[in-house]
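Novice: So that we are looking at the same thing, I have put the structure below in structure tokens.
The values are calculated or read from the model by the stated rules, or taken from the named source; none is laboratory data. Since the model is a prediction, treat every value here as computed from it, not as a measurement. Positions of Cβ are backbone-derived with ideal geometry, glycine not excepted, and every protein chain shown enters the neighbour counts. Areas reflect the complete protein model, heavy atoms only, side chains present, ligands, DNA and RNA absent. Shrake-Rupley method; radii C 1.70, N 1.55, O 1.52, S 1.80 Å.
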Amino acid sequence: MRPNSRLTILLLMFLAIASAYGQRTELKKAKEYLVEEEYYRALEYYQLASSKGATLNTQAKLEMARCYFHLKNITQALGLYEELKDHLEVEDMVNFASCWQQSNGPELAIEWYNKAIDKGANPVDMNNLIKSCQWAMDNDAFDADVRVNPASLLIGGQSFGIQYYKDGVVYSAEKKGRNKEVDRSGKGMLNLFYSDIKDGEIQEESRSFSKNLESDYHVGATSFTSDFKRIYYTKPVRIKGGDSRLKIFTSVYDGEEWINERVLSISTDDRNTAYPAVSPDNKYLYYSSTQRGGRGGKDLYRAEIKSSGDVGAGVNLGANVNTFGDEEWPFIDKQGNLYFASNGLQGFGGLDIFKCEKTANGFSEPVNLGKPINTGVDDFGYVTDPNDTLRGFISTNRLGDGTSDAVFTIAPPVVEEEEKDTPPIFDMDEIPVVDMDDVQPAETPVETVVPVIDLSKYPGSLTTKLTSTFNGVVVPGVEVVIRDANSGELVAKGVSGADGRVSIVIPDEYKRDDQEFEIVFSKGDEFDSKRMIVNIMEIEDINNNGLSLTPRFKDEVLDDIGTMIIPYVGNEITKEGLAVLDELATYLTLNPKVVVKLNGHTEARGNRYNNLNISQNIAEKAEQILITKGINDDQMIPRGYGERYLKNKCKRGVYCNDSEHLINRRIEVVVWRILE
């Protein structure tokens, strides 16, 4: 029977009207969230409206670009602003210029800051930003005496600081499975965790720092008195009217737990007060605040610490330190020098780290710490090792698209001692005698000027420790073979000693910027071999972090678990991968004392740092799936390795089809240890 055509037309008209109404509703909600500076929620509704067929006009796209900008997704913001550059308002011109500044494009940033001035932007502020761009162009050199690398323990999502504490570090990280609520940027809530430090690296075993200090909202930005008996930290607090404010709290340690939490008197509802830093003599607390009377957004203050742990009135550090922008994340080293992050002083874009040396009357002029500590994006939370001021940590969003923070290590380069040539020593009767009559005048050679290449910036050797992924014990007798990744030519080889360490000198002829090596670690049939393709500058990372090999177990069940591979495509685990996770969940349920690592890997395409982020995210996704199946998160350690460990020939510069590249997109299950 034929359908009633009039009824069909009416139904289609109704659906079209409902769809249009729905699109208008989504766009209205997006606008409301944008006004409230809820950029993550606003972006969700813009994207939802678009997915329902709405055609986004120029204004809506500009509003989306603003959301991306404030969420630190500079790549997406830059793309939209570039598309809409003929329709930018003053706010968008400034944002567009900032995007270029943070993307290492100072010339274009200057062009757009000048256009913003022509359209009415504050000329004083814009000229300060232009001077910052000009400074960046003149100070683009890297400090060869500093190495900045991702920490061995990737603390992703967002960083709320890291601080040395006794034999380890205290930092903020998301508690898996605790609370599904997210903040304004769409990130999970952070709580305090502790990890040991060994050889300058954060160890992968972490634990909650304090049950009493756990919260359903963010906790972080810690600082301790020198005896570690008092802690200061930052938390957001809801105030009357529904808004929230950052406030500084303090607690004391009673020998077992942190107790007697209370908010400091400087933290009031009319301001944000955050990022405490205790001076080495325990007399003063430095912090950042938006209180009235400052010079800009956030200023740095100092307050005297009372015997009760509370503080007196804060004193602004003045125009020497504070600017029209934001100054935050203060840190005072053992010598009393001040370090802090600022986006108002001359830098590379975003927040940069600055140092003010202690003087008799306060602090010296701020000095930008330069590259590689600072980049075009946000670099903050700088702390130094109390036992070695050349080492420390920094928080930064230089990985991926800028929406996630990570903790990086700061360390000096490894310096190899060179053997000095000594002249031969002769006995008196061995001194050679030269007959001057036989000496012929030498021809004067034509002097050839050879450019001098500074080889000291390259790692002098592969010097690292090899351990077992199962129990962390050292592995002696591992054969290490280094080849030129392009020619296959043998470069050098060596074997790990009784202490698990191996040291292989890299010949000078292989010290160049584009040099890549293929490195293979193997030990018969006792361990799975490991093959990796690395750039010469990445060898420093291997030296600092060590390397682990997976044992082949005699226990057939454990060996089967250790060979599990979970494939994924894009950002999603495949159907076959989900089936493997079901098998793994069954095994971990029956064996609650087994701890496994979920090692994420990518193919060698795209941005290297972005691949590192992708691999970490997919490993965490696998962990979350297992948690939903009832597996305790203490039984899993997600870890991303990016493109470091390839399964086939598909390194950079080698043509491979998509199916060959996908072989490298995987999560490997590694048995880590057995809980006691």
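Novice: Would you mind stating whether Val491 is at pLDDT 60 or above, over 26 Å from Phe142 (Cα atoms) and either open to solvent by 90 Å² or more (accessible area, probe 1.4 Å) or not small (Gly, Ala, Ser) (or both)? Show your work before the answer.
Specialist: Values: at pLDDT 60 or above: yes; over 26 Å from Phe142 (Cα atoms): yes; either open to solvent by 90 Å² or more (accessible area, probe 1.4 Å) or not small (Gly, Ala, Ser) (or both): yes.
The answer is yes for Val491.
Novice: Another one. Output the residues belonging to segment 330-352 that are free of Cβ contacts under 8 Å to residues at least 60 places away in the same chain and either among the aliphatic types (A, V, I, L, M) or assigned to a loop (DSSP other than H, G, I, E, B) (or both).
Specialist: Correct list: Ile332, Asp333, Lys334, Gln335, Gly336, Asn337, Leu338, Ala341, Asn343, Leu351.
Novice: Follow-up. For segment 618-630, give me each residue that is aliphatic (A, V, I, L, M) and open to solvent by less than 10 Å² (accessible area, probe 1.4 Å).
Specialist: Selection gives Ile618, Ala619, Ala622, Leu626.
Novice: Which ones in segment 589-604 are under 12 Å from Glu623 (Cα atoms) and either assigned to a helix (DSSP H, G or I) or open to solvent by 10 Å² or more (accessible area, probe 1.4 Å) (or both)?
Specialist: Asn599
Novice: Inside segment 269-320, can you point out the residues that are among the aliphatic types (A, V, I, L, M) and closer than 15 Å to Phe340 by Cβ?
Specialist: Ala274, Ala277, Val278, Leu285, Leu300, Leu317, Ala319
Novice: Here's a follow-up. When you check Gly325 against the structure, is it surrounded by fewer than 23 Cβ atoms within 10 Å (Cβ to Cβ) and either modelled with pLDDT under 95 or touching a helix residue (DSSP H, G or I) at 6+ places or on another chain (Cβ under 6 Å) (or both), yes or no?
Specialist: So Gly325 fits the description; yes.
Novice: Still on this structure: Please pick out the residue among Ser132, Ser172 that is open to solvent by less than 10 Å² (accessible area, probe 1.4 Å), in contact with a strand residue (DSSP E or B) (Cβ under 7 Å, 6 or more places away or on another chain) and hydroxyl-bearing (Ser, Thr, Tyr).
Specialist: Ser172
Novice: Mind counting the residues in segment 230-247 that are loosely packed, with under 14 Cβ neighbours inside 10 Å, charged (D, E, K, R) and over 24 Å from Gly188 (Cβ atoms)?
Specialist: 1
Novice: Here's something else I'd like to know. Under 6 Å by Cβ, and 6 or more places apart or on different chains, what pairs join a residue from segment 505-517 that is assigned to a strand (DSSP E or B) with one that is among the polar types (S, T, N, Q)?
Specialist: Final answer for the pair search is Val505/Ser461; Glu516/Asn535.
Novice: Let me ask another. Out of (1) open to solvent by 30 Å² or more (accessible area, probe 1.4 Å); (2) over 32 Å from the mean Cα position of the chain (by Cα), the odd one out for Arg262 is which?
Specialist: (2)
For (1) acidic (Asp, Glu); (2) in contact (Cβ under 8 Å) with a residue 60 or more places away in the chain, each residue gets a yes or a no:
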| site | (1), (2) |
| --- | --- |
| Gly105 | no, no |
| Asp118 | yes, no |
| Asn128 | no, yes |
| Gln163 | no, yes |
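Novice: Turning to a different aspect of this structure: Criterion first (open to solvent by less than 20 Å² (accessible area, probe 1.4 Å), of a type outside the set (Phe, Trp, Tyr) and over 24 Å from Met126 (Cβ atoms)) does Leu56 satisfy it? Lay out the reasoning, then the answer.
Specialist: Values: open to solvent by less than 20 Å² (accessible area, probe 1.4 Å): no; of a type outside the set (Phe, Trp, Tyr): yes; over 24 Å from Met126 (Cβ atoms): yes.
It is false that Leu56 is open to solvent by less than 20 Å² (accessible area, probe 1.4 Å), of a type outside the set (Phe, Trp, Tyr) and over 24 Å from Met126 (Cβ atoms).
Novice: Being open to solvent by less than 60 Å² (accessible area, probe 1.4 Å) and under 26 Å from the mean Cα position of the chain (by Cα) is the filter here, so list the residues in segment 649-670 that pass it. Walk me through how you get there before you give the answer.
Specialist: Residues of segment 649-670 that are open to solvent by less than 60 Å² (accessible area, probe 1.4 Å), as a first pass: 650-651, 654, 656, 660-661, 664-670.
Correct list: Lys651, His661, Asn664, Arg665, Arg666, Ile667, Glu668, Val669, Val670.
Novice: Could you check segment 297-316 and list, in sequence order, the residues that are open to solvent by 40 Å² or more (accessible area, probe 1.4 Å) and either under 21 Å from Lys334 (Cα atoms) or part of a loop (DSSP other than H, G, I, E, B) (or both)?
Specialist: Hits for segment 297-316 are Arg302, Glu304, Lys306, Ser307, Ser308, Ala313.
Novice: Please determine whether any residue of segment 269-279 is open to solvent by 50 Å² or more (accessible area, probe 1.4 Å), more than 16 Å from Gly312 (Cβ to Cβ), within 27 Å of the chain's Cα centre (by Cα) and without any contact (Cβ under 8 Å) to a residue 40 or more places away in the chain.
Specialist: yes
Novice: So Lys72 fits all but one of (1) basic (Lys, Arg); (2) open to solvent by 30 Å² or more (accessible area, probe 1.4 Å); (3) modelled with pLDDT of 90 or more; what number is the exception?
Specialist: The failed condition is (3).
Novice: Is it true that some residue in segment 248-259 is in contact with a strand residue (DSSP E or B) (Cβ under 6 Å, 6 or more places away or on another chain), open to solvent by 10 Å² or more (accessible area, probe 1.4 Å) and of a type in the set (S, T, N, Q)?
Specialist: No, segment 248-259 has no match at all.
Novice: Further question on the same structure: Tell me which residues, restricted to segment 135-148, are surrounded by 17 or more Cβ atoms within 10 Å (Cβ to Cβ) and modelled with pLDDT under 85.
Specialist: Arg147, Val148 - these are the residues of segment 135-148 that are surrounded by 17 or more Cβ atoms within 10 Å (Cβ to Cβ) and modelled with pLDDT under 85.
Novice: Got at least one residue in segment 537-548 being part of a strand (DSSP E or B), open to solvent by less than 20 Å² (accessible area, probe 1.4 Å) and either out of contact with any strand residue (DSSP E or B) (no Cβ under 7 Å at 6 or more places or on another chain) or not hydroxyl-bearing (Ser, Thr, Tyr) (or both)?
Specialist: There is at least one residue in segment 537-548 that is part of a strand (DSSP E or B), open to solvent by less than 20 Å² (accessible area, probe 1.4 Å) and either out of contact with any strand residue (DSSP E or B) (no Cβ under 7 Å at 6 or more places or on another chain) or not hydroxyl-bearing (Ser, Thr, Tyr) (or both).
Novice: A further question follows. Would you please name the residue that is nearest to Arg398 (Cα to Cα), looking only at residues in segment 367-377 that are at pLDDT 90 or above and surrounded by fewer than 23 Cβ atoms within 10 Å (Cβ to Cβ)?
Specialist: Checked segment 367-377; the qualifying residue nearest to Arg398 (Cα to Cα) is Ile373.
Novice: Only one residue in Gly336, Gly362, Gly350 is over 24 Å from Ala109 (Cβ atoms), open to solvent by 20 Å² or more (accessible area, probe 1.4 Å) and out of contact with any Ser or Thr (no Cβ under 6 Å at 6 or more places or on another chain), so which one is that?
Specialist: That would be Gly362, the only listed residue that is over 24 Å from Ala109 (Cβ atoms), open to solvent by 20 Å² or more (accessible area, probe 1.4 Å) and out of contact with any Ser or Thr (no Cβ under 6 Å at 6 or more places or on another chain).
Novice: State yes or no: is Ser223 in contact with a Pro (Cβ under 7 Å, 6 or more places away or on another chain), open to solvent by 40 Å² or more (accessible area, probe 1.4 Å) and polar (S, T, N, Q)?
Specialist: no
Novice: With the condition kept exactly as written, say whether any residue in segment 8-31 is closer than 30 Å to Leu129 by Cα and either in a helix (DSSP H, G or I) or at pLDDT 85 or above (or both).
Specialist: There is at least one residue in segment 8-31 that is closer than 30 Å to Leu129 by Cα and either in a helix (DSSP H, G or I) or at pLDDT 85 or above (or both).
Novice: Now for a different question. Can you name the condition, by its number, that Arg673 falls short on among (1) part of a loop (DSSP other than H, G, I, E, B); (2) open to solvent by 30 Å² or more (accessible area, probe 1.4 Å); (3) touching a residue at least 60 places away in the same chain (Cβ under 8 Å)?
Specialist: (1)
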